[in-house]
Amino acid sequence: MSARDEDPAIAARRANWRNATKMVHAGRATSEWSGLVNPPIERGSTILHVATADLFSGRAGPTYGRSGHKAQRALESALAEIEGGAGTQVTSSGLSAVTLAILSVVEAGDDILVTDSVYGPTRRFCERFLPRLGVHARFYDPLIGAGIAAFFQPDTRLVVMESPGSLTFEMQDCPAIAAAARAHGAISLLDNTWSAGIYFRPFDHGIDLSVQAATKYQVGHADALMGAVISGSAVLDSRVKEAARLLGISVGPEDVYLCLRGLRTMGVRLKAHEAGARIVAEFLAGRPEVLRVLYPAWPGDPGHEIWKRDFTGATGLLGFEMELTPAPALDAFYRAMRLFGHGFSWGGYESLAIPADGEMARSCGSWRGMGPLVRLHVGLEDPDDLVADLEAAFTTRAAEVGGQGTGS
Ligand SMILES: *Cc1c(COP(=O)(O)O)cnc(C)c1O
């Protein structure tokens, strides 16, 4: 902590800081950083101690590099402060944060409930890995809300939510689902990546564990991977940290540094992502080829009411469905784009567009597709240029579809 950070007046005010201020100041300890604005990048496995007893006492500070150094402490404390959690464990990717969070709380013989709209690799972990440990996952309709109470069994340990859902953007009634979990003595976990941990406060809504794929908006520049498990209570935080220690979870110092650096400018970036996404969503809603726009912040979205009730803002990831399009025309549609790149992940400064249906798997038929599903990440380009890029893609598509009209 710097002298300024230790000032009791500052400490009292911290609690009232708004998000933008937290993103700039949370986790800072400049006096430990030689007065530098940012933490040092410390590389190191071995940590030497003069007295050998200090290596084993647990009282002489860090004894090994696996648990990270100052920059990691800063990032973990910043992410906990921003979401209002008791503590954070960072991991090497968003997916490893999800798997760590699950492994921290399940035991052999447990049943877990997972939203059908969950991120694909999370689904695969639940389907292919958890059974080896004797943990059984059942998938539920993301729109189930309080109706989830009927699905609990005596052995149900955990409920996994993601809102909005990956690819299909269903808004879940997270407060109702978390309340049902608590009533049944189960733990609730939310993959809170879409909100960047800024626009939805999981612990205010009764959720126990929050996961961030910090690869997305916190890193923000598509140049590192990072994950975080944020716990709502100190008890859960120590369970997650113990599991991380036992599993050997460790993160490189440069990646930690990049994530913390990204976090400092995330506030202004998110505002620009949202402004652009709103313009793009409005444009899409006016296109004759577009059947459905999937962006909870847009008033026509089926989840808009829940978003309005629970969220304080939106980010730049959205989807849309278009009229049936023959494969060559769909290919031409994507190839005609010059600003939207085609690749996985999102949250960087650049715009992306990918076909989403190929990645989708469902267990309980909770999604009825109407036509090709496109996922867009609206980056920080001028939204008018992005709209022009999409307009050109629609024109190319129409030319390819040819005289048969757009409905073939
Ligand atoms: C990207 C993503 C992840 C995984 O993050 P990685 O850092 O790519 O492993 C997990 N959950 C959601 C919702 C994501 O979008």
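Every read-out reported here was derived from the displayed coordinates using simple, explicitly stated rules and does not represent laboratory data. All values reported here derive from a predicted model rather than from experimental measurement. Cβ coordinates were reconstructed from backbone atoms using ideal geometry, including for glycine residues, and neighbour counts include every protein chain displayed.
Which FRET efficiency value, to the nearest 0.05, is calculated for residue 29 and residue 342 with the Förster distance at 45 angstrom and r the Cβ-Cβ distance?
On the way: r = 41 Å, r/R0 = 0.91.
Efficiency for this residue pair is about 0.65.
Across the stretch 34-44, rounded Karplus estimates of 3J(HN,Hα) from the backbone phi angles (6.51 cos²θ - 1.76 cosθ + 1.60, θ = phi - 60°) give 6, x, 5, 5, 10, x, x, 8, 9, 9, x Hz, Gly and Pro being marked x. Between residue 133 and residue 361, the FRET efficiency from the beta-carbon distance, with R0 = 22 Å, is close to 0.55.
Note on residue 385 and residue 86: the extension gain reaches 103.4 nm, defined as 0.36 nm multiplied by sequence separation minus the Cα-Cα distance.
From least to most packed, judged by other beta carbons within 10 angstrom and beginning with the fewest, 46, 312, 30 follow the order 46, 312, 30.
Working note: Karplus 6.51/-1.76/1.60 with θ = phi - 60° gives the stretch 48-62 the couplings 7, 10, 5, 9, 4, 4, 5, 5, 10, 6, x, 10, 10, x, x Hz, where Gly and Pro are set to x. From the alpha carbon centroid of the stretch 54-115 to that of the stretch 264-316 is 31 Å. Taking every alpha-carbon pair under 8 Å whose residues sit at least 6 apart, the chain reaches a relative contact order of 16 percent. The modelled label-to-label distance for the pair residue 242/residue 392, using points 7 Å beyond Cα in the direction of Cβ, is 5.8 nm.
Work out how much length residue 54 to residue 37 would gain on full extension: take 0.36 nm times their residue separation and subtract the Cα-Cα distance, in nm to one decimal. Don't jump to the answer; show the numbers that get you there.
On the way: separation 17, 0.36 × 17 = 6.12 nm, distance 3.10 nm.
Extending this stretch completely gives an extra 3.0 nm.
Over the chain, the fraction of Cα-Cα pairs per 10 Å bin, rounded to whole percents and listed from the shortest bin up, is 5, 22, 30, 24, 14, 5, 1, 0, 0.
Against the longest principal axis of the chain, how steep is helix 253-264, in degrees 0 to 90 to the nearest 10, with axes from Cα atoms? With rounding to tens, the tilt is 60 degrees.
Each residue of the stretch 106-111 is assigned a 3J(HN,Hα), and the resulting list reads 9, 9, 4, x, 7, 10 Hz, derived from the Karplus form 6.51 cos²θ - 1.76 cosθ + 1.60 (θ = phi - 60°), x at Gly and Pro.
When 242, 274 are arranged by Cβ crowding within 10 Å, least crowded first, meaning fewest neighbours, the order is 242, 274.
If R0 is 22 Å, what FRET efficiency do you get for residue 63 and residue 254 from their C-beta distance, rounded to 0.05? Once the sixth-power term is evaluated, E becomes 0.50. Counting other Cβ atoms within 10 Å as a rough exposure proxy, the listed residues 117, 366, 45, 31 run 45, 31, 366, 117 from fewest neighbours to most.
Which value at 222 nm does the chain reach when only helices count, each DSSP H run of 4 or more adding -39,500 (n - 2.57), with the total divided by all residues and rounded to the nearest 500 deg cm²/dmol? Numbers along the way, then the final one.
Working: 14 runs with 144 residues, N = 408.
After summing the helix terms and dividing by residue count, I get -10500 deg cm²/dmol.
The modelled label-to-label distance between residue 291 and residue 17, using points 7 Å beyond Cα along the C-beta direction, is 4.7 nm. Here the chain carries DSSP beta bridges of which approximately 55% are antiparallel, counting only pairs with both residues inside.
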